[in-house]
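The values are calculated or read from the model by the stated rules, or taken from the named source; none is laboratory data. Only a predicted model underlies this, so the values are computations on that prediction, with no experimental measurement involved. Note that we place each Cβ from the backbone using ideal geometry, even for glycine, and neighbour counts take in every protein chain shown. For the accessible areas, the whole protein counts, side chains as well, though only heavy atoms, and no ligand, DNA or RNA atoms are used. Shrake-Rupley method; radii C 1.70, N 1.55, O 1.52, S 1.80 Å.
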Amino acid sequence: MPGKLIAFIVIFCSGFFAKAQAMPVDSLLLLLRTAKEDTNKIDLLQNLEKAYFNVDNDSALYYNQACEKLIDKLNATNKKHTCYHEFVKLYHAKYDYKTELAYCLKAIAVAKQTDNKFQQATSYRALFNTYHNLRQNDSAVKYGLYSLQLTKSIHDTSNLATNYGNLCWLYKDLTKIDKAIDFGEEGVAVGKLYKDSVGMLISMNNLANCYLTTNQDEKAIELFKEVLRVGKQVKRRRSVRVALINLGTLYYSTGNGTALNQTVNEFNEFVKDDNLMSRSDEAFGKLINGQNFIFQKQFSKAEQEFQKGIAIAEADSNMNSMLDLYNNMSKLKFAMHDFKGGNFYEVKWSNLDQHVREQNLAEYESELNVKYETGKKEGQIKLNNLELRQKTNLNYLFAGAVASLLMALLLGYRTFKQRQELQKQRITELETEKKLTAAEAVLKGEEQERGRLAKDLHDGLGGMLSGIKYSLHMLKGNLIMTPENAQAFERSIDMLDSSIQEMRRVAHNMMPEALVKFGLDTALKDFCNDVNQSGALEVNYQSIGLKDAVISQTTSITIYRIIQELINNTMKHAKATNAIVQITKTGDQLSVTVEDNGKGFDTNSLALSKGIGWSNIQNRVEFLNGRMDVNSQPDKGTSVLLEINT
């Protein structure tokens, strides 16, 4: 009810505003020439900005800047929030997220000044998205959940589904897929309940992308079909375009050529006269057109479409579309036996992918530095306040009782000792924090590099080997060979298959896909099964309380690497035939036990060990603030117990 009432008041009191909004740009410009310096001119400038927003972003920015100057001149406080919020949208479209953040904070300050809860909720939603784009995920989560709470408290049902959809998107990027799916499903349900088609479409689209992440392609296809149906029904062109693009790429990846052709034709017809289509959608449109031509074996036309898409993506520096187009162009070139071209685009893809990863790492390090500096300043402020209170107390003592000089000196000495202890404590805390930060950076950097190499092996070398295999099969059909040469050719194909399998095994060891997608329990089961199948060692894996446990990805990867290193040590050095891996989750306590029946060793030798493997295990245990106990005797096997508070 409050939301409807405020909407009614705005429409009722803004006759000139509504009339101006309906005018074409030329008429608005004519009015601007003779407009007086009053609030009506502010409305006129805001309407010009909105009219240019989807056509000419620079012109829209110019008129909004003129609007801001007039608002400041007239001190029109009630007009500030709308102006600042338009700046947020304009700078978002320019990918200038830092300037966007500055105006977002200004909009929040104005909304608080006027005590307008609806404007506050709007700006906090924008703030959450801005922090997400800046990859400051802690702040994004904080303000995402706060904006949801605020939206609920004011019963703003028209934006509730959008909140849930945005949180679905955020948690998907944080790889917390279960939570992301919960938010997405809640957004779809709320959108249907309150008939909020926009918020429902946002939630559906982000939920479908969660299903894609977990390889639930059929669920994703059905949900994108629903996005397409609802988007057409409510005439939301952006949702229709995105749904068609996603369906096209899904049909291509699942090998459904008929559905791909129908979807691409529908997309081309739908955007034929669309002058407001974003450049990003235009680039992805060229991608699915090229994929459709590949299915029709019209490789030259596919190459032309990919080239058009690459030109659009490179002109706008659109990383996502550039990565997809480079990857597809590389595979197409290999399929056309143009290995030089295939390598060229594969290198472009690899360099861009590395750049994106380095950029993400730099932003993460920047966020860590900001947190560290902020914590250091807060600690200094507390120390200064403590010193100020101590000096004040001493002044009172001296002024009140000169005769008790001895007592004052004694108190001063005690205070001096306390300050020394505080300084020592602070130095110790800073050194500990620095070591932990360095250890965390090293471990995360190591895992990121493992992930990058695994992806390079799987997507890069894997794609190249698959392309070579495809080319050999194509050559076979066009060659006449003797039975002996045919047999040798088949042996070469088998050796190539073995190479592909070995490459995939190495990539899996570097960054197990099951660990990222399905969690620690599944990844450890797969690892132990792989060891059993190798015949090198029989490993019995047991887990208790781990099935539904929530463990952060960083902790999961670290524990996985510790167990992996311990089992590898057992296979290399222990001459064991059997081993047990047991992991137990009880409350916040996580216990890991790795035992074997090998030859054992003198545990005193660990203090002198210079091996990298044992050093890595100790570093990871320290990073988790865990406790490790090693029990072993010659000819009596080895038992390692690890306890961690999660």
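Here are a few things to note about the model shown:
- Exactly one residue out of 4, 79 is closer than 18 Å to residue 118 by Cβ, basic (Lys, Arg), at pLDDT below 85 and assigned to a helix (DSSP H, G or I): that is 4.
- Residue 355 open to solvent by 60 Å² or more (accessible area, probe 1.4 Å) and either without any contact (Cβ under 8 Å) to a residue 12 or more places away in the chain or closer than 27 Å to residue 93 by Cα (or both): yes
- Residue match in segment 236-252 (condition: closer than 20 Å to residue 325 by Cα and either among the charged types (D, E, K, R) or not in a helix (DSSP H, G or I) (or both)): yes
- Counting only residues that are closer than 14 Å to residue 105 by Cα, more than 13 Å from the chain's Cα centre (by Cα) and of a type outside the set (Ser, Thr, Tyr), segment 121-149 holds 5 of them.
- The listed residue being open to solvent by 60 Å² or more (accessible area, probe 1.4 Å), touching a residue at least 40 places away in the same chain (Cβ under 8 Å) and either under 23 Å from residue 534 (Cβ atoms) or of a type outside the set (Gly, Ala, Ser) (or both), out of 558, 586: 586
- So residue 623, is it aromatic (Phe, Trp, Tyr) and over 38 Å from the mean Cα position of the chain (by Cα): no
Listed here are the residues, each with its yes/no results for (1) at pLDDT 85 or above; (2) basic (Lys, Arg); (3) not in a loop (DSSP other than H, G, I, E, B).
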site: 516; (1), (2), (3): no, no, yes
site: 525; (1), (2), (3): yes, yes, yes
site: 528; (1), (2), (3): yes, no, yes
site: 539; (1), (2), (3): yes, no, yes
site: 542; (1), (2), (3): yes, no, yes
site: 546; (1), (2), (3): no, no, no
site: 549; (1), (2), (3): no, no, no
site: 566; (1), (2), (3): yes, no, yes
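- Look at (1) part of a helix (DSSP H, G or I); (2) more than 29 Å from residue 545 (Cβ to Cβ); (3) open to solvent by 60 Å² or more (accessible area, probe 1.4 Å) and you find that residue 606 fails only one, number (3).
- Scanning segment 593-603 for residues that are open to solvent by 50 Å² or more (accessible area, probe 1.4 Å) and either at pLDDT below 90 or in a loop (DSSP other than H, G, I, E, B) (or both) gives 597, 599, 601, 602.
- Answer from 190, 141 - the residue that is assigned to a helix (DSSP H, G or I) and modelled with pLDDT under 90: 141
- Residue in segment 69-84 that is under 18 Å from residue 25 (Cα atoms) and crowded, with 16+ Cβ neighbours inside 10 Å present: no
Yes or no, residue by residue, for (1) in a helix (DSSP H, G or I); (2) under 20 Å from residue 551 (Cα atoms); (3) out of contact with any helix residue (DSSP H, G or I) (no Cβ under 8 Å at 6 or more places or on another chain); (4) touching a residue at least 40 places away in the same chain (Cβ under 8 Å):
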site	(1), (2), (3), (4)
572	yes, no, yes, no
576	no, no, no, yes
580	no, no, yes, yes
591	no, yes, yes, yes
613	yes, no, no, yes
620	yes, yes, no, yes
625	no, yes, yes, no
639	no, no, yes, yes
642	no, yes, no, yes
